[in-house]
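Beneath this line is the structure, given in structure tokens, with notes to follow.
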Amino acid sequence: MFVLENGARFVIPRTEMTYPGHNLKLHQNAADPQKSPVDHVMADFEDACPYEFKGEKSRKVMVEALNTLDFGRKVVTVRPNNIHSPFFKGDIEAIVLGAPNRFHGIMLPKTRNGEEIKQVARLLDDLEKRAGWKYQLQIESLIETPQALVHAYEIATASPRMAGLVFGIADFAANLGIREIVENQNQNFHYAKQAVVVAAKAAGLHAVDNVYLRLWRKEDSPERVAELQRGLREKNQGAANLGMDGTWVIHPQQAPICNEVFTPTTDQVEEARRVIRLYHEKGGGSMADPKSGEMIDEATIKIALMDLAKGAQAGMVSQAELKEWSEKSRAITGYDILELMRRVA
Ligand code: GLV
Ligand code: MG
């Protein structure tokens, strides 16, 4: 979870949009709330940056964009080149010294273990102090090497700066020698995706699913567009069912469908309210829901509570209501599921 505005605002992003950071126009599009209706943007120095722009050329554009554009309510992050690349340190120095208090975090690619996160955190400590930052940058780590998957929990807990884990399907597949990364990805990468979610949640961080590489173009037939949109939706519904909180997107066209998948509907929020109320009226325990016939108990009520928490993040449920229900649950069980999963700041 991103904790922003000195703890006054917290964001678990549903959509994280990446774009090449060497191009000012793309920064402008990313900042625009109409053109890019996403919760989070990630400007890239790494794999989407052409070789000729690596180093000074891309850094100049990045710093200008961060200092001059208004990204509104979006979480703004930057992906530097990986820690072993000759560009890594210069990328970080350029943005942290060059754009103090103008963005929220960095996304570390090709992370291999927790020590790398600690190294980055130490570098940020030093640079932030030198540049007069008023808050600490947060870190998201890409889990995209087999080493990272093995060390995912260690990575997730390596620094209080950690906000989330993101599954990087393309590099992960490359490392494993897998060719197919679009079709059946929730089955083929089930283990890896679930491991990312478990490590993230065990550490109280958000988990973000990978890119979906197929885009629709103007010349595509309506049938083809519908097919591509179905594929995007199904991939994300499957990821949400594994516990992913959101997804990476590679183009604004993907944002509306992805935001929708990771936001509870008003019916789902109403349903969660109804069962929680019913459960407390009946005094807890296990019971059959008279409406659906399904058995409910304390554990299924926590699923409903988590839906209300997502509703609160989407502005559909008040924090006061969420607090009331989570305190009722805590009074009996001795723990607050929302705190454990850092659904509250
Ligand atoms: C993202 O960086 C990926 O490799 O999928
Ligand atoms: Mg990658």
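Being closer than 20 Å to Lys235 by Cα, open to solvent by less than 20 Å² (accessible area, probe 1.4 Å) and touching a helix residue (DSSP H, G or I) at 6+ places or on another chain (Cβ under 6 Å): is that true of Ile181 here?
Taking the combined requirement at face value, the residue does not satisfy it.
What is the residue count in the stretch 80-104 for residues that are closer than 25 Å to Ile169 by Cβ, small (Gly, Ala, Ser) and away from ligand 1 (no atom under 16 Å from the Cβ)?
Result for the stretch 80-104: 0.
Mind listing whichever residues of the stretch 166-178 are more than 9 Å from ligand 1 (Cβ to nearest atom) and touching a helix residue (DSSP H, G or I) at 6+ places or on another chain (Cβ under 6 Å)?
Selection gives Asn175 alone.
Within the set of pairs 6 or more residues apart or between chains, which connect a residue that is free of Cβ contacts under 8 Å to residues at least 40 places away in the same chain inside the stretch 306-322 to a residue that is part of a loop (DSSP other than H, G, I, E, B) and crowded, with 21+ Cβ neighbours inside 10 Å with Cβ atoms less than 6 Å apart?
Here the result reads Ala309/Arg343, each pair linking the stretch 306-322 to a residue that is part of a loop (DSSP other than H, G, I, E, B) and crowded, with 21+ Cβ neighbours inside 10 Å.
Can you tell me which residue among Met341, Met306 is closer than 24 Å to Ala288 by Cβ and of a type in the set (A, V, I, L, M)?
Met306
Select the strands (runs of 3 or more DSSP E) contained entirely in the stretch 2-73, then report the ones holding at least 1 residues which are touching a helix residue (DSSP H, G or I) at 6+ places or on another chain (Cβ under 6 Å).
Qualifying strands (runs of 3 or more DSSP E): 15-20, 40-44.
For Trp325, indicate whether it is assigned by TED's automatic domain parsing to the domain that holds Glu140 and at negative phi.
Here the answer is no, as Trp325 does not meet what is asked.
Out of all the residues in the stretch 261-313, which are closer than 23 Å to Val38 by Cβ and not hydroxyl-bearing (Ser, Thr, Tyr)?
Val261, Phe262, Pro264, Gln268, Val269, Met306, Asp307, Ala309, Lys310, Gly311, Ala312, Gln313, listed by residue number.
Would the stretch 114-127 turn up any residue that is farther than 27 Å from Glu64 by Cβ, buried (at least 24 other Cβ atoms within 10 Å of the Cβ) and within 16 Å of ligand 1 (Cβ to nearest atom)?
no
I'd like to verify a number: residues in the stretch 189-225 that are more than 23 Å from Ile155 (Cβ to Cβ) and out of contact with any helix residue (DSSP H, G or I) (no Cβ under 6 Å at 6 or more places or on another chain), how many?
Residues in the stretch 189-225 being more than 23 Å from Ile155 (Cβ to Cβ) and out of contact with any helix residue (DSSP H, G or I) (no Cβ under 6 Å at 6 or more places or on another chain): 11 in total.
Among the listed residues Leu176, Leu232, Leu215, identify the single one that is surrounded by 15 or more Cβ atoms within 10 Å (Cβ to Cβ) and among the aliphatic types (A, V, I, L, M).
The conditions single out Leu232.
Quick check on my filter: what residues within the stretch 18-49 are within 16 Å of ligand 1 (Cβ to nearest atom) and open to solvent by 40 Å² or more (accessible area, probe 1.4 Å)?
Asp47, Ala48
Taking the stated definitions as given, is Thr77 crowded, with 19+ Cβ neighbours inside 10 Å and either out of contact with any strand residue (DSSP E or B) (no Cβ under 8 Å at 6 or more places or on another chain) or in contact (Cβ under 8 Å) with a residue 40 or more places away in the chain (or both)?
Here the answer is yes, as Thr77 does meet what is asked.
Condition test on Ala200, is it out of contact with any Ser or Thr (no Cβ under 8 Å at 6 or more places or on another chain) and hydrophobic (A, V, I, L, M, F, W, C)?
Yes: the conditions hold for Ala200.
The values are calculated or read from the model by the stated rules, or taken from the named source; none is laboratory data. Just so we're clear, the structure is a prediction, and the values are computed from it rather than from any experiment. With ideal geometry, Cβ positions are generated from the backbone for all residues, glycine too; neighbour counts draw on all protein chains shown. Accessible surface is based on the protein model in full, side chains and every heavy atom, while ligands, DNA and RNA are left aside. Shrake-Rupley method; radii C 1.70, N 1.55, O 1.52, S 1.80 Å.
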